[in-house]
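Have a look at the structure below, then the notes.
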Amino acid sequence: MKAIVLAGGLGTRLAPLTNLVNKHLLPVGGIPMIYHPLQLIAKSGFKEVMVVVGQKSTGDLVRQIGGDAAKLGFQSVYFAYQEKENGICGALALARDYAARDFVFVILGDNIFLEAEVPNMDVVTKARDDAVAHGVSLFITAVANPKAYGCPVYGLDGQILRVVEKPDNPQTSDIVTGAYWFDATVFVRIDGLSYSERGQLEIAELINDYDGPIPYMRIPEGKWIDAGESLDAYFRANQLIQNHA
C-alpha cells in the first residue's frame, strides 16, 4: 500500500494568514495542519508516504516534514513538486512513479479526521478492500455547506451513483471528504481527463470514470473538517481539536 498527501495550492482562502506561511504549516491543535493527515496515515500502518507540495513556502514545508519524518512514524518520506495549479488530479498524477502498481490511499493535506474515527488499520483496510473490488472507495460525511464540495448522488438503494462538484442543489448534506482509495488504473484515468472550466482536472470526474456503484465509508458528522476551506473553517478546526482533546 502507498499513501499520498496532496499539499499543493496557494492557500488563498486562508489569507492573510498564508501571505507568508504555507497553509499546511499553520497550526491546528498545536501542530502543523498537515501533521494531522500524516499522523492518520502513520497510525494506519503505512511506513512511507509521498507528499505533493506546491508553490508557496515549499522549502519550509519540505524541511519541516523531512526533519520530523521519524517522529511522525515514517521510515521514508518522498516529495513531488506541483508546478501549476491544475487540481487534485494534477497533483495526484505526480505520484505515478512512486505508486507504481500499488493501491494508493490519497488524502488532502488540510483534511482533519478526529483520531477516534479513522486512525486504525481496520478502517483504512476495509476501505481498501472495497477499492480492490470496485477500483475506488470514498469517505463520506455530512456538513452544513455541501455546495462547497463534491457531493454524492445516491440511487434508490442508497448506493453512490456518481459525484457532482459543487452542485447548486445538493441531494443531501453529504459530501465527499478529501480521502480516497484508488487502484493502479487511476493514473491512466487521469490521463484521459479533460480540463474543466476552472482549468483543473476535477476529482469528481476521476471518481465518475470508475464503474458504479461507488463504495464508501461514512464518517460521523462533526468528526471531519476541511481546515483550508475558509478562515472560519480554520478557526473551527482549532476549536474542534481543542474540544476533542
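Computed about its Cα centre, the charge dipole of segment 2-244 is approximately 540 debye, with only Lys, Arg, Asp and Glu carrying charge at their Cβ. Shown is the FRET efficiency for Tyr195 and Gln242, computed with R0 = 45 Å from the Cβ-Cβ distance and rounded to the nearest 0.05: 0.65. Result for the chain in a Gaussian network model with C-alpha springs under 10 Å: among Asn111, Asn22, Asn145, the largest mean-square fluctuation is at Asn145. Per residue, the average separation of C-alpha pairs within less than 8 Å and at least 6 apart gives the chain a relative contact order of 24 percent.
Estimated from helices alone, the mean residue ellipticity of the chain at 222 nm is -8000 deg cm²/dmol (sum of -39500 (n - 2.57) over DSSP H runs with n ≥ 4, per residue). Take 230-243, 24-37 and order them by the average number of nearby Cβ atoms within 10 Å per residue, most first; the result is 24-37, 230-243. Note on Lys56: lysines with a C-alpha under 19 Å away, same-chain residues under 8 apart excluded, are Lys23, Lys84. Highest mean first, the peptides 165-171, 213-219 sorted by other C-beta atoms within 10 Å per residue fall in the order 213-219, 165-171.
Peptides 95-107, 42-54 ordered by packing proxy, namely the average of other Cβ atoms within 10 Å per residue, highest first: 42-54, 95-107. When the Gaussian network model of the chain links Cα atoms closer than 10 Å, the mean-square fluctuations of Ala184, Ala144, Ala204 top out at Ala144. Note on Gln39/Asp209: beta-carbon distance plugged into 1/(1 + (r/R0)^6) with R0 of 30 Å gives a FRET efficiency of 0.45.
Laboratory data are not the source of any read-out in this text; all were calculated from the coordinates shown. Keep in mind that what you see is a predicted model, and the values were worked out from it rather than measured. Glycine gets a Cβ as well: all are built from the backbone with ideal geometry, and neighbour counts include every protein chain shown.
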